[in-house]
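Below is one structure, written out as structure tokens; comments come after it.
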Amino acid sequence: MLFLIACGALFAGVSAQIDLRPYNLSAAIMFVNNDLNNDGFLTAHEFDQVFVVYDFNDDKIIERHEYVCYITRANPLMGHLAQALYDEYDNNNDHKLEVADYDAFYKKMDEDGDNIVTDLEFVRYWEALFLKTEAYSLKGQSHATHTDKYCLNHGHAHG
Ligand SMILES: [Ca+2]
Ligand SMILES: [Ca+2]
Ligand SMILES: [Ca+2]
């Protein structure tokens, strides 16, 4: 799906504008794009697939520049938000995203702890997260992130 390539799985379907409001709608679109088998449930495996695309060098560790580069290449206005979201994903604050980090993030979204994230749980969590990070997305509207800063190590930076 083109959106998966162009925008990053989590932002698939969200418009090129940085304004993600209404947040519940953006979150609902993200859910639909991440629920790969369209059964209304986001499994931990489906959520893991979101992060695979960010791992440029395929070492199972997503470094900050890999994530920010991926997001800003799709939309340079999302640099500040990408930095903030990276911090949210990086559960143990070691500046590396590994499976344990996004598993921990998945558990945070799973409000009732039944090991399945429903559309309602997902939308509720992301609506709150978008509100929490609103300052970063608004900042991005006036200050585009210079993609080159994050993408120098990737040969196809302007592809
Ligand atoms: Ca599913
Ligand atoms: Ca980490
Ligand atoms: Ca649940």
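Worth pointing out:
- Entries of 108/139; 108/132; 107/132 with Cα pairs more than 20 Å apart: 108/139
- Extension gain for residue 96-residue 114 works out to 3.8 nm (0.36 nm per residue, less the C-alpha to C-alpha distance).
- Net charge in the neighbourhood of residue 119 (other residues with Cβ under 11 Å of its Cβ; Lys, Arg +1, Asp, Glu -1) is -2.
- Modelled this way, with points 7 Å down the Cα-to-C-beta line, the labels at residue 64 and residue 131 are 2.8 nm from one another.
- Dipole of the stretch 43-137 [Lys/Arg +1, Asp/Glu -1 at C-beta], most positive-end residue of 47, 78, 93: 78
- At R0 = 35 Å, FRET efficiency that the Cβ-Cβ distance of residue 48 and residue 24 yields, to 0.05: 0.90
- With the highest mean first, a sort of the peptides 106-116, 40-50 on other beta-carbon atoms found within 10 angstrom per residue produces 40-50, 106-116.
- Highest average packing first - 74-86, 120-132, Cβ atoms within 10 Å: 74-86, 120-132
- Hits among aspartates and glutamates - C-alpha to C-alpha of residue 60 under 15 Å, sequence gap 8 or more where chains match: 48, 90, 94, 98, 101, 103
Read the figures in this text as sums done on the coordinates, not as results from a lab. Predicted, not measured: the structure shown is a model, and the values here were computed from it. Glycine gets a Cβ as well: all are built from the backbone with ideal geometry, and neighbour counts include every protein chain shown.
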